[in-house]
Amino acid sequence: MSGEFELIRRYFSDLGYDQSGSVRLAVGDDCAVIAPPANRDLVLSIDTMVEGVHFLAGTSGDKVASRLFGAALSDLAAMAATPAFFTLALTLPSTDSIWLQAFSVRLAELARQYGVQLIGGDTTRGPLTLSIQVHGWTHPGKALLRSGARPGDRIFVTGTLGDSKGGLETQLKNIHGAQVPYLQHRFYTPEPRIDTALLIAEYATAAIDVSDGLLADLNHILEASNVGAMINPDELPISAELHQWVGAAQSREWALTGGEDFELCFTVPAILEPKLSWALRDHRVGVTCIGQISAKPGILFSEGGRVWPVEPQGYNHFINKHKV
């Protein structure tokens, strides 16, 4: 394996850029030096992905980079934070120059796209594991939290749900067909909804990104806010590709529990719904109302004149031990 410093110099020495002007010293020293902008709060999150748990063994470096970076920035989107910079830790079984080149090139493309800079990290030998810590800025007291939902608030989700689970299943079962490229793209290339988050921040009371499944992640909002929810499952946004491949029942189940779509789930007071619709009138990302916050804890489904309770199931790393 090449020396750590040579590996960093070759693949990660000058990756991305800092649009906030806050980075004083980046890669190459013992620590990065940051000068926070005036009147900004720092928001940070860390994500780890492991080969065989979050992606299949043998996955190319560019696909891993897209999945890693998109998932990490999705956490900033959930807080309505503007991305600024990130750190990266790589555990590699060996120095595979082809894999590393594809990984670093794609990571650089995404860093430029979202205006963030790599400011430090670490490398070591071992099973392929990648950890990324992302940092962003919000105005003081303006970060979206999970604890702000109130009875009567409308519940919204962005994009479509269940596609990532569909993309995973096509790989596990070696499925081929017209829908497969779209579904696998959704699995490997999550789009952090940064722009959407900044648009809705003025109206939203709570938010979370959908990583463990809609029911599980919505339940995090409900528990933090001490409220419940009533959902109309018929309103779930499901892509035509997923519906065509597995049908209505399976696509609905994956939309509710599949996870890793990295879409946003957020709540907005009913009185602000018209203003939200106006703010999103030209926005390229779909936003769908799927239900309403209620005072009584728990999740209820309401469809076709029937109302019934559901469990907030989703993915749990310490229960679902083998993800891929």
- [ ] Pop out the carbon and sulfur fraction of the accessible area of the chain as a percent, whole number, probe 1.4 Å.
- [x] 51
- [ ] Identify, among GLY166, PHE187, TYR203, the residue whose Cα sits farthest towards the positive end of the charge dipole of the chain, taking +1 on the Cβ of Lys and Arg and -1 on the Cβ of Asp and Glu, with the dipole about the Cα centre.
- [x] TYR203
Task: Angstrom value of the Kirkwood radius, inverse mean 1/r, which spans all Cα pairs in the chain - done: 20.5
Task: Full-stretch length increase - THR288, CYS31 - with 0.36 nm per residue and alpha-carbon distance subtracted - done: 88.2 nm
Task: Rounded D (µm²/s) - segment 171-287, Kirkwood Rh over Cα pairs, Stokes-Einstein at 20 °C, 1.002 mPa s - done: 136
- [ ] Please find, in a Gaussian network model of the chain (springs between Cα atoms separated by less than 10 Å), the residue of ASP209, ASP234, ASP75 whose mean-square fluctuation is greatest.
- [x] ASP234
Task: 0 to 90° range, to nearest 10: angle between helix 97-114 axis and the chain longest Cα axis - done: 60
- [ ] Run the dipole for segment 23-142 about the Cα centre, Lys and Arg Cβ at +1, Asp and Glu Cβ at -1, nothing else charged, and hand back the magnitude in debye, nearest 20.
- [x] 260
Open item on the list: Given the DSSP H assignment, sum -39500 (n - 2.57) over each helix run of at least 4 residues in the chain and divide by its residue total; what's the result at 222 nm in deg cm²/dmol, nearest 500?
Closed with: -10500 deg cm²/dmol
- [ ] Sort segment 105-232 into rounded, prolate or oblate with this rule: let a ≥ b ≥ c be the square roots of the eigenvalues of the Cα gyration tensor; rounded if a/c is under 1.5, and if a/c is not under 1.5, prolate when a/b is larger than b/c, oblate otherwise.
- [x] oblate
- [ ] Compute the distance in nm between two label points, each set 7 Å from the Cα along the Cα-to-Cβ direction, one at ALA249 and one at VAL307.
- [x] 2.7
Task: Under 13 Å, Cβ to Cβ, from LEU199 - net charge with Lys/Arg +1 and Asp/Glu -1 - done: +1
Task: Mean accessible surface per residue for segment 12-156, computed with a 1.4 Å probe while every protein chain stays in place, in Å² - done: 43
Open item on the list: Pairs on different chains or at least eight residues apart, Cα atoms closer than 25 Å: how many lysine pairs in the chain fit?
Closed with: 10
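The values are calculated or read from the model by the stated rules, or taken from the named source; none is laboratory data. All values reported here derive from a predicted model rather than from experimental measurement. Ideal geometry is used to build each Cβ from the backbone, glycine not excepted, and the neighbour counts take in all protein chains shown. Protein only, heavy atoms only, side chains kept; ligands, DNA and RNA dropped before computing areas. Shrake-Rupley method; radii C 1.70, N 1.55, O 1.52, S 1.80 Å.
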